[in-house]
There are 4 protein chains.
Amino acid sequence: MTAAPLGPCCIADYERLAADVLAPGPWGYFAGGAGDERTLRDNVAAFERRSLRPRVLVDVSEVSAATTVLGVPVSMPLLVAPVALQKMAHPDGEAGMARAAAAAGTVMIVSTIATSTPAEVAAAAPEAPRWFQVYSFRDRGVTRRLVDQAVESGFRALVVTVDAPRAGRRERDLRTGFAVPPEIDMPAVTAATGGRAAITPEEFFALVDPSLTWDGFAHIARESSLPVLVKGVQTAEDARLAVEHGAAGVIVSNHGGRQLDGVAAPIDVLPEVVEAIDGRVEVLVDGGIRRGTDVLVALALGARAVLAGRAPLWGLVAGGEEGARHVLELLHSEIELALALLGCPTPGAVTRAHVN
Amino acid sequence: MTAAPLGPCCIADYERLAADVLAPGPWGYFAGGAGDERTLRDNVAAFERRSLRPRVLVDVSEVSAATTVLGVPVSMPLLVAPVALQKMAHPDGEAGMARAAAAAGTVMIVSTIATSTPAEVAAAAPEAPRWFQVYSFRDRGVTRRLVDQAVESGFRALVVTVDAPRAGRRERDLRTGFAVPPEIDMPAVTAATGGRAAITPEEFFALVDPSLTWDGFAHIARESSLPVLVKGVQTAEDARLAVEHGAAGVIVSNHGGRQLDGVAAPIDVLPEVVEAIDGRVEVLVDGGIRRGTDVLVALALGARAVLAGRAPLWGLVAGGEEGARHVLELLHSEIELALALLGCPTPGAVTRAHVN
Amino acid sequence: MTAAPLGPCCIADYERLAADVLAPGPWGYFAGGAGDERTLRDNVAAFERRSLRPRVLVDVSEVSAATTVLGVPVSMPLLVAPVALQKMAHPDGEAGMARAAAAAGTVMIVSTIATSTPAEVAAAAPEAPRWFQVYSFRDRGVTRRLVDQAVESGFRALVVTVDAPRAGRRERDLRTGFAVPPEIDMPAVTAATGGRAAITPEEFFALVDPSLTWDGFAHIARESSLPVLVKGVQTAEDARLAVEHGAAGVIVSNHGGRQLDGVAAPIDVLPEVVEAIDGRVEVLVDGGIRRGTDVLVALALGARAVLAGRAPLWGLVAGGEEGARHVLELLHSEIELALALLGCPTPGAVTRAHVN
Amino acid sequence: MTAAPLGPCCIADYERLAADVLAPGPWGYFAGGAGDERTLRDNVAAFERRSLRPRVLVDVSEVSAATTVLGVPVSMPLLVAPVALQKMAHPDGEAGMARAAAAAGTVMIVSTIATSTPAEVAAAAPEAPRWFQVYSFRDRGVTRRLVDQAVESGFRALVVTVDAPRAGRRERDLRTGFAVPPEIDMPAVTAATGGRAAITPEEFFALVDPSLTWDGFAHIARESSLPVLVKGVQTAEDARLAVEHGAAGVIVSNHGGRQLDGVAAPIDVLPEVVEAIDGRVEVLVDGGIRRGTDVLVALALGARAVLAGRAPLWGLVAGGEEGARHVLELLHSEIELALALLGCPTPGAVTRAHVN
């Protein structure tokens, strides 16, 4: 028996490291949620209310977490969620995260509030699949130019976030007086604001068009040369509307508990969305993913894959590109192990009967 | 990023300030509940058991919390609940609260146990809508004179509290030996008692008529030139009786957990009351409101509006009229934000489908 | 406002006083339960899972908690449960408790493991109604002589405890090495053992006949000139058997959590027992009663009355007869207040509709 | 009353002693579970969600916990679960445990990862019934030789563990850097590895065949001269397959929470397994057994008996053979007492109606 000192061995370890490393403002911005953070906590706790039903004596000598999402091959049913301001997390920023995602074999979804241009992220990992998250700005030209850049830079899908017609009430930010530090450049936001430096989350979301409707979304989807997913759906009703208005995929999300406090955890609304979608498009889910077993719960409830935001972010904070890569590898190995122990050689083998 | 020192940014902050400011007796009186305070706690906790179902891609470029309550236009579906002894909270007292409610554009309901006369409260904010809360005293003349004063002072509705034929067992008051300080004048109570100074809650409620029945209520409602609401209904049975006996509105309430410990939270009994009322009169609810999202839960379950008592009271304690106004503005902005994020441009757009 | 120092104002206060006063052995004996004390805790917690449904605008100018139990008039639907070794609680012992119960206007049920003879208890409060709790000893003669003494001393009913064919595993007693102190005389037990001094709970229950069946109970009931209640029923099946075998009343009880850990709280099994009994005999319940509202929950679920053991015991520990009397008065006043606030002028007005 | 110092009087006491005695590595190995140890905790907590329904006035003058399991007479419906590395717990090791189980009159199931040979364990308690737990190794010859040794050494049944095609993610082991200390010999593992010394749990499970299917199991069952039980079933589906493929018994188990975190407690899946098996073979269950009452819950839900692993292990750690024997005697006496208080003279008298 050796008592070797050991590095972080789970996402919670990385979260603790990130809490130590970051200043209160950025930590509050990344870790916090809206209001009383009830939804923030429940996003994680909801997984504890589910239990897996493992099958035994299935041949799991060959287990692979590989799957496809919207036809894009990925090493595992877990994508890197759009997270803003990654250079505020670590100088490696989005470029580091892109290389980490590429190394882990999965898709990175780049945020509109990135601290790098789409082209810079593309250059960091040219071969890797990447998607672009967009807000529909009041100034449609800004959105159009952003999307054009993403198309030019080889992004393969657009993710339109629809749960933020206004900023959620994030009280940690209010308490720390958080605004984006002036040395952190956000090219898309700078374009949208005409160059303004420090900006608070509230100021940013004031740029987003609160009048966008499903017709507006349908317009974006029709105009786009890329498949367009809608992110932020939380009801069966909206899931049906999404399909009817041309969404190529639906991402069940409550914006990581950062928008409207008091909504249900995504994993709890996933079943009604999956039922409403009825296989017409792929359903993804984000919020509260901390373990490989969480991913399998999502698959069993009908998700094609999950998005993880804070998990790889804590890796980036703690160790830059290498930290993010380690987190993604950790999740990959946890997913594969969980598949094996669930009696499922592939993600496609996971069914509704694998969860209570 | 600026690390600006910040004032209170939510109701809980104001509650903490109030706990620091008040002496143990008044703090216990205002903050405490009956018995083991199980209901007091549950009034708040019940909201955590509900979750909102937000709709997306609704045009929320124009959001307004404005509505009407019994035909009275208000800026938001939140009224100031009747709270006794406001000069014990802060020298600004009911006059300050009336100005705060007026500034916030909502109705103040003045308590019979006010430390100002109806006329004084009216004078503080002559243009603002105000309602008067009454107990039916053993001495009917006292009640009649009070109601007459309220009518003369331009109050627009009466709220008859029916859950207090006796004082609840408020053990914080027993432990602090609480009685109203002699320097605090309660004009209505002085009239009822013939001028007695220090009085305990038990002594006050001994003045209230415990023999009042629905017929007695019907008599009050018939005699009154104002609409009469009944406050303290907790069952479908009584909700039906209220309508049958002429109530112009029903307020679901357990008196802030101060009367009978062990009853359900108002938000949990609201659905049965709403169903029993079946749209015949408006249903209001009070107890445990701390957030804009709580208000939306109440609307989704069928309430026309909510009453908030302790929330603006903590504002009054912490900062007098200005504190109360800030609390009401905070709630107003939380309600509007929650409406936007719920996909509801107006309170009227909130439906049963917006809550689980 | 006066900040008068105050004595105990609820049962929990008395419990804290008792914990301070008693030595670890007696405290553990009285306060403890079996096994992990899961049932002990749940007996109390079960009341928190119920909520009352108060009706308003009922004339409660005259409220009385008075009722009858098996035809015996009592001031309230709360009897003093049989509790062993009361002189170990306080020198006033069972005589003090009998005077306290008499003053409070209710029935005292005297335990077989009393530290006074039936005659001594009777002499302490000759006019008051009293019942006698019996175990069926292996030596039938012991039981017969005890019952004879009770009859001679004017006891009005027998309560046969049937949940203790063996002692529960009370680990507090094992840890303190508890045995009845030699100076504490237990006349009935001395008669049963032929005079042995120190005795552990396990040694005592070894004297009880573990072969007693419903036929044996029926025999006792037939032979007795007094009504015989059965104490310790926890299922609908046994409730039906009780009536069929001549029980004059059924007491739902798990022996205060002291016998089999892991059973449900009495208040949770009360409904199935009440349904099974279907009004043929009166149903009482004990376990976890700490508040007047607890009593009303029991009434609403169909109990005729409750038994309280530890509550008056903590009074006896803290203040002898006077303490026990204060506890009973406290409960009486809490019951009356709760009746008033529930809209029930009498115990008979409480119905199933008054509880969720 | 004597205040005698007292030894451990329940399993929790032994667990505390073991935590004090063991070094962090072995303690983490024995006590720990997979992932966040949610299942580890829930295995115990699940019993708290059940309640027993005791029947009274049953003749329990003669109570015996004795029963049979697969036809083997045992003193109680509790067997010693297979636990690895018992010499790491205490020098008495498996031989001491075998003597303890023999003294307690029950079956010991010896682990493949034992630190003694099957012959050595047999020699320690030649007359006692013993079963052998096997993994199906990638190298079938290893398994065959192990089984042959077990047969030669008079083992009476085989238990094939099927929930470990890979090692669970046991983070306590990762944090302590746990590997089996070199001085601890594991004869079967040594044979499987060709003599390699230090080995981690992950390295061990890499030897196990992850391609084994129900057909493979059926082959083992057919080839064996002994009855073969399958350990690790958690679903009705697999329970049916087990019977169809020749299992002589089914053990509901999640490997003590050490394999896939996030699965349900065994006691919660027991009912679906029992229903699926429908009496065709005996069903056993392990996980979370700490009390005699837990055993009765399992019986009431349809188990023939339970397996206890950590409970006797803590006894072995704390006191070697004698400690293990005391734990088993403690459990035996708790089971008998619980039977008496449940109104069941024998395990066979326990029915589904004895549990909620």
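The values are calculated or read from the model by the stated rules, or taken from the named source; none is laboratory data. Computed from a prediction, not measured in an experiment: that's the story for all the values here. For neighbour counting, all protein chains shown are included, and Cβ atoms are generated from backbone atoms with ideal geometry for every residue, glycine included.
Taken as a whole, region A:150-171 holds at least one residue that is surrounded by 23 or more Cβ atoms within 10 Å (Cβ to Cβ) and in a helix (DSSP H, G or I).
Which members of region D:139-170 meet the condition of being of a type in the set (A, V, I, L, M) and over 30 Å from A:Ser64 (Cβ atoms)?
As a first pass, look at region D:139-170 and keep what is of a type in the set (A, V, I, L, M): D:142, D:146-147, D:150-151, D:157-160, D:162, D:164, D:167.
Matches in region D:139-170: D:Leu146, D:Val147, D:Ala150, D:Val151, D:Ala157, D:Leu158, D:Val159.
Residue under question is D:Ile251, and the condition is that it be in a loop (DSSP other than H, G, I, E, B), under 15 Å from the mean Cα position of the chain (by Cα) and modelled with pLDDT of 95 or more; does it hold? Here the answer is no, as D:Ile251 does not meet what is asked. So which residues in region A:131-165 are charged (D, E, K, R) and touching a Gly at 6+ places or on another chain (Cβ under 7 Å)? Correct list: A:Asp163 only. In summary, C:Val56 fulfils each of the numbered conditions (1) away from chain B (no Cβ under 11 Å); (2) in contact with a strand residue (DSSP E or B) (Cβ under 7 Å, 6 or more places away or on another chain); (3) β-branched (Val, Ile, Thr) with the single exception of condition (1).
Among the residues making up region D:302-317, a single one is part of a loop (DSSP other than H, G, I, E, B) and either buried (at least 24 other Cβ atoms within 10 Å of the Cβ) or in contact with a Phe, Trp or Tyr (Cβ under 7 Å, 6 or more places away or on another chain) (or both): D:Ala303.
Residues in region A:279-301 that are within 26 Å of A:Val228 (Cα to Cα) and part of a helix (DSSP H, G or I): how many? Of the residues in that region, 7 qualify.
Out of the residues in region D:257-278 that are outside any loop (DSSP other than H, G, I, E, B) and in contact with a Gly (Cβ under 6 Å, 6 or more places away or on another chain), which is nearest to A:Gly292 (Cα to Cα)?
Here the residue is D:Gly257.
Look at (1) more than 14 Å from every other protein chain (Cβ to nearest Cβ); (2) modelled with pLDDT of 95 or more and you find that A:Arg169 fails only one, number (1).
Tell me yes or no: at least one residue of region B:320-332 is at pLDDT 95 or above and either among the polar types (S, T, N, Q) or within 17 Å of B:Ala46 (Cα to Cα) (or both). Checked region B:320-332: no residue is at pLDDT 95 or above and either among the polar types (S, T, N, Q) or within 17 Å of B:Ala46 (Cα to Cα) (or both). Could you please let me know if D:Arg222 is crowded, with 18+ Cβ neighbours inside 10 Å and of a type outside the set (A, V, I, L, M)? No.
If I filter region D:214-229 for residues that are over 30 Å from C:Glu37 (Cβ atoms), within 14 Å of chain A (Cβ to nearest Cβ) and touching a Phe, Trp or Tyr at 6+ places or on another chain (Cβ under 9 Å), do I get at least one hit? Looking through region D:214-229, at least one residue is over 30 Å from C:Glu37 (Cβ atoms), within 14 Å of chain A (Cβ to nearest Cβ) and touching a Phe, Trp or Tyr at 6+ places or on another chain (Cβ under 9 Å).
Scanning region C:9-27 for residues that are among the hydrophobic types (A, V, I, L, M, F, W, C) and part of a helix (DSSP H, G or I), we see that the one that is nearest to the other protein chains (Cβ to nearest Cβ) is C:Ala12.
Given the structure, is C:Leu78 touching a His at 6+ places or on another chain (Cβ under 8 Å) and within 25 Å of C:Ala164 (Cβ to Cβ)? In short, yes. With the condition kept exactly as written, say whether any residue in region D:70-91 is modelled with pLDDT of 95 or more, within 30 Å of A:Leu341 (Cβ to Cβ), under 20 Å from the mean Cα position of the chain (by Cα) and within 11 Å of chain C (Cβ to nearest Cβ). Scanning region D:70-91, I find no residue that is modelled with pLDDT of 95 or more, within 30 Å of A:Leu341 (Cβ to Cβ), under 20 Å from the mean Cα position of the chain (by Cα) and within 11 Å of chain C (Cβ to nearest Cβ), so the answer is no.
Assess whether B:Asp286 counts as being crowded, with 22+ Cβ neighbours inside 10 Å and within 14 Å of chain A (Cβ to nearest Cβ). Steps first, answer last, please.
Details: crowded, with 22+ Cβ neighbours inside 10 Å: yes; within 14 Å of chain A (Cβ to nearest Cβ): no.
So B:Asp286 does not fit the description; no.
Per the listing A:Ala242, A:Ala248, the residue uniquely among the hydrophobic types (A, V, I, L, M, F, W, C), over 30 Å from A:Gly25 (Cβ atoms), crowded, with 18+ Cβ neighbours inside 10 Å and within 13 Å of another protein chain (Cβ to nearest Cβ) is A:Ala242.
Can you tell which of A:Ala103, A:Ala98, A:Ala125 is without any contact (Cβ under 8 Å) to a residue 60 or more places away in the chain, at negative phi and surrounded by fewer than 22 Cβ atoms within 10 Å (Cβ to Cβ)? Full working, then the answer.
Working: A:Ala103 fails: without any contact (Cβ under 8 Å) to a residue 60 or more places away in the chain; A:Ala98 fails: surrounded by fewer than 22 Cβ atoms within 10 Å (Cβ to Cβ).
So the residue among A:Ala103, A:Ala98, A:Ala125 that is without any contact (Cβ under 8 Å) to a residue 60 or more places away in the chain, at negative phi and surrounded by fewer than 22 Cβ atoms within 10 Å (Cβ to Cβ) is A:Ala125.
One residue stands out in region D:28-44 among those that are within 18 Å of the chain's Cα centre (by Cα) and away from every other protein chain (no Cβ under 11 Å): the one that is nearest to D:Gly348 (Cα to Cα), namely D:Asn43.
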